[in-house]
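Participant: Structure in structure tokens, see below.
The values are calculated or read from the model by the stated rules, or taken from the named source; none is laboratory data. Just so you know, these numbers come straight off a predicted model, no measurement behind them. All Cβ positions, glycine included, derive from the backbone under ideal geometry; neighbour counts span all protein chains shown. Surface areas here come from the heavy atoms of the whole protein model, side chains and all, with no ligands, DNA or RNA. Shrake-Rupley method; radii C 1.70, N 1.55, O 1.52, S 1.80 Å.
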Protein chains: 2
Amino acid sequence: MSEHDFWRALGQQLRVDSIRCSSAAGSGHPTSSMSAADLMAVLLAKYLRYDFTKPENPQNDHLIFSKGHASPLLYAMYRAAGAISDEELLGYRTKGSRLEGHPTPRLPWVDVATGSLGQGLPIGVGVALAGKRLDRLPYRVWVLTGDSELAEGSMWEAFEHAAQSGLDNLTAVLDINRLGQTGETMHGWNLGYYAGRLKAIGWHTAEIDGHDLASIDAAFAEAISMTGKPSAVIARTVKGKGVEAVANKNGMHGKPVKDAEAAIRELGGRPNISVTVAKPEGTAGPHRFDALGALTLPRYEIGTKEETRKAYGDALAALGKARGDVVALDGEVSNSTYSEIFAKQSPDRYFEMYIAEQQMAAAAVGIQVRGWKPYASSFAAFWTRAHDFIRMAAISRANIKICGSHAGVSIGEDGPSQMGLEDIASFRATWSSTVLYPCDANQTARLVAQMADRDGIVYLRTTREKTPVIYSADDDFPIGGCRVLRQSPADSVTLIGAGVTVHEALEAADRLAGEGIAARVIDLYSIKPIDAAALRTAAGDTDAIVTIEDHWPEGGLGEAVLSALAGDEAQSRVVMLAVREMPASATPAEQRAAAGIDAESIVEAARVAVSRIQPASAR
Amino acid sequence: MSEHDFWRALGQQLRVDSIRCSSAAGSGHPTSSMSAADLMAVLLAKYLRYDFTKPENPQNDHLIFSKGHASPLLYAMYRAAGAISDEELLGYRTKGSRLEGHPTPRLPWVDVATGSLGQGLPIGVGVALAGKRLDRLPYRVWVLTGDSELAEGSMWEAFEHAAQSGLDNLTAVLDINRLGQTGETMHGWNLGYYAGRLKAIGWHTAEIDGHDLASIDAAFAEAISMTGKPSAVIARTVKGKGVEAVANKNGMHGKPVKDAEAAIRELGGRPNISVTVAKPEGTAGPHRFDALGALTLPRYEIGTKEETRKAYGDALAALGKARGDVVALDGEVSNSTYSEIFAKQSPDRYFEMYIAEQQMAAAAVGIQVRGWKPYASSFAAFWTRAHDFIRMAAISRANIKICGSHAGVSIGEDGPSQMGLEDIASFRATWSSTVLYPCDANQTARLVAQMADRDGIVYLRTTREKTPVIYSADDDFPIGGCRVLRQSPADSVTLIGAGVTVHEALEAADRLAGEGIAARVIDLYSIKPIDAAALRTAAGDTDAIVTIEDHWPEGGLGEAVLSALAGDEAQSRVVMLAVREMPASATPAEQRAAAGIDAESIVEAARVAVSRIQPASAR
């Protein structure tokens, strides 16, 4: 069989298998798979360098389906490559199968989960950055994108960053099949429109018929020969190509082909072609950065004041000295988050992502695919911009570290647009997450160090203003723990804060002591996981709990405490102090007073809670 | 004074006032204001049509500072226009002042809050769409953007949609001052780069020196004469222009000018120029769509089954018939969310936003600026994409209605990327929000109708699969209420669900009754505001509460219940059933069983809770 005949037959098999598995499942996206089948046939048979028996080979190429709904095509490729059996293919979308509706890394050949459109390409940029600047290996990153998803701004962040970084190891294959879920895309088959935009950004482009094998071959060959710029293969394709009942017809998105048997006949029946996918030739391992091994964290003197955000920067730089696998990213606010300290010390491992938080999150996900430890920082408020990327990062089982600075009303004059007031809620409600919120510089440094080897989405919240250093640099702050800062057998109320509100709680406890009310004070620096045992003890020992947080009341520290105590026999009355009205501009102290989370407000709440409890405690 | 001399003097005054107010405040962004001062001087003096005494005039132009940190410039313009006093200007950023660090609609001339970069232009697209397609008035929308924010993908969603919609009533003024917060932007003063990208999208562009008054004048004149396409004035400017100590110098972002008096002298002192801003000439009111007035909601028969998402579509269409002010938007999934029913019935009031959820949220915010009632729909999961836009919409005091369909693991086979499992947490933690989650079609219809006149961010969560119709079409479901579906004096446990879990709870209650355990069942369709009184009654009447939600445990229904009961004297033990492990593909029923939120899991949890309580209830 000639090369072209083989590709032709392979493309048809990929179509047939896409139809078969989605028909067996009773759901899925065969037509979106069929448009890209010829493109992927040529890629698999000639251009991809991948050792399916050794997915951990650092020299392997990376193939990301940004259009994750074309999973039938991806799984059909795996079967053709001999990676999965026909039986497994036909278990698509059933309970227990690794072949989920949209790809996830439960399959060893899948780097990241896709299925929320517009994310695969930005993540591919991250992998390609790792290839160029970290691993320094010649692997290529191939990203198959849909055309509907080109409406997502995140794709254009990715196109811009790829060009800016000269990622000639990245090829985007644009499957322009004209039809979205509900109708035609904005630009239909106007390939020139896409090419024009991409050229203006600095990409190499090739406009081809995505079913013409010679053109596909030539375009891929051109792409891998390109230096200094990324390449886009812009392919005019037919959705549902090869089966007349569905080809180029609206209303055929996301459903099995009606008469599967007839469709398979029309495609030429069920071949059983195997592809020997070329393995990468290189054997070199990834680049490793020099590092000291021993970690010397910054130390801050008790009684002085320091910003926890500054301690984040100091500790990150120290960590970067100790370990070569730590890298940092920032969204053009590195002089606010203090990641600039790392950037100046280790410029080779610092990534300036400009004001593109989606691309920043995606790049972190892409970089961790290759085992690096990315710390990404921005204002806590602006991480809301990347919420969908962080949600998907959890599905990718990604290990990324995120720092959100300028948390809460405590930033002061800049006003609510810059205040992170929902970040604890968002990050708590992220699967695999850890949520940390230190109150002093030494505690921050210890937590930053622990983040490195903690799996999942690990979030650290920092504060803009200087806060008192209350802990020794030798103190230990295990994730999942808390610190009881005031405690006596006479305690009648427990004050629970984290970050800035720890200091307010301490001041409140001092004032309450003057009134004869003994208050326990807990520094809940680890909000998730939470020290439920310490909270239960406090709930048993004291009649009332006051939680204080610089955050909206929903989903934050207070609700985390309630949740930890929910199933408990002995429950305290819990009073939640949180930000309830929309703040404006004011000084940090004025903000906390206005929000009712300052020492004065805590004293008042504790007083009321204790007095209301008194009669009942005579029970 | 010649026109040019006047503009020149006005520009200098805007600079001086930017310096004065930020110096008085001790914070702010004078240099980012100074770069755009000449552009805004010409706009204010010659092109803007705005009646400052009547901000509600529907014929007024709209001026949006997408670079919200340039608020000193905006407020300086207000002073020049006579809208605010010098005294108010100098109160910038102080407690109680309307002149916040970043603009908010607490000022009557500000349409929307900005300050999270990359949002003003997408919102401007929404206002311009309202002007063209809804109001049908000749007002113009002027948006001042920074250059750093051009790295945000949302800006490119906006550029694309504006061109696609032929928004010749929109002018973007790009203040290309080269310097971001930490250094040079990706493209510096490469105006051609921006022009190339914009031309490729279909914008009219003019590249000018942003300090050359004749060029500015010509570019604006050209922009307003353009038909069929939006215009971009791409202006090369100098950050800190006019004051040598800061002009075009890195490290001068976001801080007052050091020697303000010297800087003011360098700018020519303190003039006191007033501008008579031209009022709009037209007097026509906005277009009004024909409507019936009377609302006839769809009715579903008890005992049948229907998707709540379908009921959303049916009810929205009914509402659109009754009221001319209701409009709909969707992100290219209208056949899944069922907004297509509205789209087909009222195409003039339907906006296809394609797969660009950020632009969709922004367009809704822009459209509500003009008093329309936008309902925007997508999958619950994909609203995470627009989280920052919804956060900012709350700061804008926007009134928008959002529908998130395909909630929870109950979607089944598509897998976790398509499952909204954090939406309740996000929307609860949004200021001004309402969170609704109906379990049947009649309830959905009633809630959809109530959303129209409810202020703030109003969120409705719908389900993919058909659920039993259990309520009469005549039943009333006030926001803030709940429904007690099972109740007896013997109740020992309360089951609280919403949406799909209501049906699981009902089945569980039936099974528990068979075991002699009487269970109260509450349908908590209004999660925020929450019916705390009914919850307190249940907590007092029964020994245990089981909450069941198709959502992560953090920030959802369970924590909302805990929060409502937190301060209470009598507390029940609360057991929270929620999705705790990452789901994969499976049928809806298999998913709920695997997550432990099906009837069987509820029965088991209730049994354990009641048995554990028994000894104590002998107290």
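Participant: Suppose you put the label 7 Å out from Cα in the Cβ direction; list, shortest first and in nm with one decimal, how far B:Ala262 is from each other copy's label.
Facilitator: 8.5
Participant: What accessible area per residue comes out for chain A, rounded to a whole number of Å², with a 1.4 Å probe?
Facilitator: Here the residues of chain A average 29 Å² of exposed surface.
Participant: Here's something else I'd like to know. Could you look at chain B and say what percent of its accessible area is carbon and sulfur, using a 1.4 Å probe and all protein chains?
Facilitator: The nonpolar share, carbon plus sulfur, comes to 48 percent.
Participant: Next question, about the same structure. So which DSSP H runs in chain B come out at 27 Å plus along the axis (Cα) with average Kyte-Doolittle of at least -0.5?
Facilitator: Qualifying helices: B:3-25.
Participant: Loop-only check: which trypsin sites (Lys or Arg not before Pro) in region A:210-260 are DSSP coil with at most 15 other Cβ within 10 angstrom?
Facilitator: A:Lys249, A:Lys258
Participant: Hey, another quick one. Just how far, in whole angstrom, is region B:88-105 from region B:1-61 if you go by their alpha carbon centroids?
Facilitator: 16
Participant: Go through region A:516-619 and name the GluC sites (Glu not before Pro) that are in a DSSP coil and have 12 or fewer other Cβ atoms within 10 Å of their Cβ.
Facilitator: A:Glu569, A:Glu581
Participant: Can you tell me the dipole magnitude for region B:6-72 around its Cα centre, using point charges on the Cβ only (Lys, Arg +1; Asp, Glu -1), in Debye to the nearest 20?
Facilitator: Its charge dipole is roughly 160 debye.
Participant: Length gain on complete extension for the stretch A:Ala291 to A:Ala262, per 0.36 nm per residue less the alpha carbon to alpha carbon distance?
Facilitator: In short, 4.2 nm is gained.
Participant: Under the rule of at least 5 residues apart or a separate chain, name every residue whose amide H is placed under 5 Å from the amide H of B:Tyr525.
Facilitator: Correct list: B:Arg483.
Participant: Here is a further query. Within 10 Å, count the other beta carbons around each residue, average over each peptide in A:292-301, A:126-135, B:523-532, and list them highest first.
Facilitator: A:126-135, B:523-532, A:292-301
Participant: Provide a list, ordered by number, of residues in region B:414-436 showing at least 20 Å² less accessible area with every protein chain present than when their chain is taken on its own, using a 1.4 Å probe.
Facilitator: At a threshold of 20 Å² (probe 1.4 Å), the residues of region B:414-436 that become less exposed are B:Asp414, B:Pro416, B:Ser417, B:Gln418, B:Glu422, B:Ala425, B:Arg428, B:Ala429, B:Trp431.
Participant: Now a separate question. Go through region A:371-411 and flag every residue whose accessible area shrinks by 40 Å² or more with all protein chains in place compared to the isolated chain (probe 1.4 Å).
Facilitator: Residues shielded by partner chains are A:Thr384, A:Arg385, A:His387, A:Asp388, A:Arg391, A:Ile395.
Participant: Looking only at other chains, what is the average number of their beta-carbon atoms within 10 angstrom of each beta-carbon in B:93-103?
Facilitator: So the per-residue partner count for this stretch is 6.
Participant: Just need the relative contact order of chain B here, percent rounded to a whole number, with Cα pairs under 8 Å and 6+ apart.
Facilitator: This gives 12 percent for chain B.
Participant: Answer with one residue from A:Gly68, B:Gln487, A:Met582: the one whose Cα lies farthest towards the positive end of the charge dipole of the protein assembly as shown, charges on Cβ with Lys, Arg +1 and Asp, Glu -1.
Facilitator: A:Gly68
Participant: Around B:Thr304, under 12 Å between beta carbons, what's the net of Lys plus Arg minus Asp minus Glu among the other residues?
Facilitator: So the environment of B:Thr304 carries a net charge of 0.
Participant: Mind listing which GluC sites (Glu not before Pro) in region B:1-91 are in a DSSP loop and have 12 or fewer other Cβ atoms within 10 Å?
Facilitator: Answer in residue order: B:Glu56.
Participant: Check B:Arg520: other-chain or 5+ apart residues with amide H under 5 Å from its amide H, H built from backbone geometry?
Facilitator: B:Ser492, B:Val493, B:Thr494, B:Leu495
Participant: Which distances, shortest first and in nm, link A:Asp86 to the matching position in the other copies, using label points set 7 Å out along Cα to C-beta?
Facilitator: So the label point of A:Asp86 gives 8.8 nm to the other copies.
Participant: Once every DSSP H run of n ≥ 4 in chain A is given -39500 (n - 2.57) and the sum is divided by its residues, what mean residue ellipticity at 222 nm do you get, rounded to the nearest 500 deg cm²/dmol?
Facilitator: -11000 deg cm²/dmol
Participant: Then there's this: State the answer as a single residue: which of A:Ser2, A:Phe342, A:Gly120 lies farthest towards the positive end of the charge dipole of chain A, with beta carbon charges of +1 for Lys and Arg and -1 for Asp and Glu, about the Cα centre.
Facilitator: A:Ser2
Participant: Set the Förster radius R0 to 60 Å, insert the Cβ-Cβ distance between A:Gln487 and B:Ile224 as r into 1/(1 + (r/R0)^6), and round the FRET efficiency to 0.05.
Facilitator: 0.30
Participant: Follow-up. When you look at the Cβ of every residue in A:194-202, what mean number of other chain Cβ atoms sits within 10 Å?
Facilitator: What the average comes to for A:194-202 is 4.
Participant: What size of dipole, in debye to the nearest 20, comes out for chain A about its Cα centre when the only charges are +1 on Lys and Arg C-beta atoms and -1 on Asp and Glu C-beta atoms?
Facilitator: Charge dipole, chain A, about its Cα centre: 1300 debye, nearest 20.
Participant: How much accessible area is lost when chains B and A come together, counting both sides, with a 1.4 Å probe, in Å² rounded to the nearest 100?
Facilitator: For chain B against chain A, roughly 8300 Å² becomes buried.
Participant: Can you give me the Cα centroid spacing of region A:215-278 and region A:490-560 in angstrom?
Facilitator: 60
Participant: Which far-off residues, 5 or more places away or on another chain, put their amide H under 5 Å from the one on A:Tyr459, with H placed in the peptide plane?
Facilitator: For A:Tyr459, whose amide H was placed from the backbone, the distant partners under 5 Å are A:Ile402, A:Thr434, A:Val435, A:Leu436.
Participant: Additional query: Please name which of B:Trp109, B:Ala81, B:Leu99 has its Cα lying farthest along the dipole of region B:80-155 towards the positive end, using unit charges on Cβ (Lys, Arg +1; Asp, Glu -1) and the Cα centre as origin.
Facilitator: Of B:Trp109, B:Ala81, B:Leu99, it is B:Trp109.
Participant: Quick one: putting +1 on the C-beta of Lys and Arg, -1 on the C-beta of Asp and Glu, what dipole do you get for the protein assembly as shown around its Cα centre, in Debye to the nearest 20?
Facilitator: Once rounded to the nearest 20, the dipole reads 760 debye.
Participant: Bin by bin, in steps of 5 Å, what percent of the Cα pairs in region A:280-406 do you find, going until the bin that has the longest distance?
Facilitator: Whole-percent P(r) values from 0 Å outward: 2, 11, 20, 21, 19, 13, 8, 4, 1, 0, 0, 0.
Participant: Enumerate the calculated ³J(HN,Hα) couplings along region B:577-582 in order (Karplus 6.51 cos²θ - 1.76 cosθ + 1.60, θ = phi - 60°), each rounded to whole Hz, writing x wherever the residue is Gly or Pro.
Facilitator: 9, 7, 7, 10, 10, 5
Participant: With the label 7 angstrom out along Cα to Cβ, how close does A:His287 come to the same site in each of the other copies, in nm, nearest first?
Facilitator: Listed shortest first, these distances are 5.8 nm.
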